[in-house]
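Structure, as structure tokens:
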Amino acid sequence: MRILGIDPGLGRLGWGVIEEQGSTIKPVAFDCIETLGNISEEKRLVIIYEKLHQVLKQYQPEVVAVEELFFSRNVTTAFMVGQARGVVLLIAAQNNLKVITHSPSQVKLAVAGYGKADKKQIGQMVKIILKLDKLPRLDDTTDALAIALTQAFTGKLRSKLGK
């Protein structure tokens with residue numbers, strides 16, 4: 001099973017593809033789609049769409065796991081993240097891929113065993129679980145891998161429980 005994890009954002013959209021083979025989970029590919037703030041929002045969304053299309057074509061995931069939209073104070077940032085998330089949902093639907101969302105606390109609990117883990121703890125667990133030599137350059141990419149791992153862990157649990 002190949003899982004594409006997405007940490008949505010307009011300036012940076014992290015993505016990571018992992019593969020489950022029996023009880024083993026290995027990284028396939030991961031990166032971050034970055035768009036410049038000096039171009040229009042609609043062009044930035046097109047860039048995200050086109051690059052995600054390339055990711056889907058090249059790595060052929062079977063499911064897309066995406067972080068739920070969460071914001072506390074900055075409404076403008078939330079709207080921009082929501083627009084990027086909409087592109088993710090659109091391209092997944094166009095490719096007949098199942099989309100499963102996970103909250104930030106679900107990701108923290110699944111990956112680090114603690115629902116209030118910080119970014120450093122999450123990063124270290126991603127590095128250990130996926131046997132990476134070093135963490136990805138950007139937190140957005142690490143977060144995307146954590147989201148994919150959350151799907152791998154919770155998907156296995158659901159199948160064992162028959163759900």
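Data overview
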{"quantity": "Residue match in the stretch 68-87 (condition: modelled with pLDDT of 95 or more and part of a helix (DSSP H, G or I))", "calculated": "yes"}
{"quantity": "Every residue from the stretch 6-37 that is surrounded by fewer than 16 Cβ atoms within 10 Å (Cβ to Cβ) and hydroxyl-bearing (Ser, Thr, Tyr)", "calculated": "Ser23, Thr24"}
{"quantity": "The stretch 42-55 residues that are assigned to a helix (DSSP H, G or I), paired with ones that are of a type in the set (Phe, Trp, Tyr) (beta carbon under 8 Å, 6 or more apart)", "calculated": "Leu52/Trp15; Val55/Trp15"}
{"quantity": "Selection count where residues are under 15 Å from the mean Cα position of the chain (by Cα) and without any contact (Cβ under 8 Å) to a residue 40 or more places away in the chain, scope the stretch 17-32", "calculated": "3"}
{"quantity": "First in the stretch 97-119 and in a loop (DSSP other than H, G, I, E, B), second anywhere and surrounded by fewer than 16 Cβ atoms within 10 Å (Cβ to Cβ) and of a type in the set (Gly, Ala, Ser), Cβ under 6 Å, 6 or more apart", "calculated": "Gly115/Ser105"}
{"quantity": "Set Thr154, Thr150, Thr142: member being crowded, with 20+ Cβ neighbours inside 10 Å, of a type in the set (Ser, Thr, Tyr) and over 22 Å from Glu34 (Cα atoms)", "calculated": "Thr150"}
{"quantity": "Options Ala84, Ala78, Ala112; residue that is within 13 Å of the chain's Cα centre (by Cα), of a type in the set (A, V, I, L, M, F, W, C) and within 23 Å of Asp139 (Cβ to Cβ)", "calculated": "Ala84"}
{"quantity": "Scope the stretch 1-57; condition closer than 12 Å to Asp140 by Cβ and of a type in the set (A, V, I, L, M, F, W, C); matching residues", "calculated": "Ile6, Leu10, Leu13, Trp15, Phe30, Cys32, Ile33"}
{"quantity": "Per-region count, the stretch 1-41, residues in a loop (DSSP other than H, G, I, E, B) and aliphatic (A, V, I, L, M)", "calculated": "4"}
{"quantity": "Subset of the stretch 120-148 [in contact (Cβ under 8 Å) with a residue 24 or more places away in the chain and either outside any loop (DSSP other than H, G, I, E, B) or β-branched (Val, Ile, Thr) (or both)]", "calculated": "Ile122, Ile129, Asp139, Asp140, Thr141, Thr142, Asp143, Ala144, Leu145, Ala146, Ile147, Ala148"}
{"quantity": "Test for Lys120: is it modelled with pLDDT of 95 or more, of a type in the set (Lys, Arg) and over 14 Å from Pro104 (Cβ atoms)", "calculated": "no"}
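The values are calculated or read from the model by the stated rules, or taken from the named source; none is laboratory data. None of these values were measured; they are calculated from a predicted model. Backbone-built Cβ (ideal geometry, glycine too); neighbour counts: all protein chains shown.
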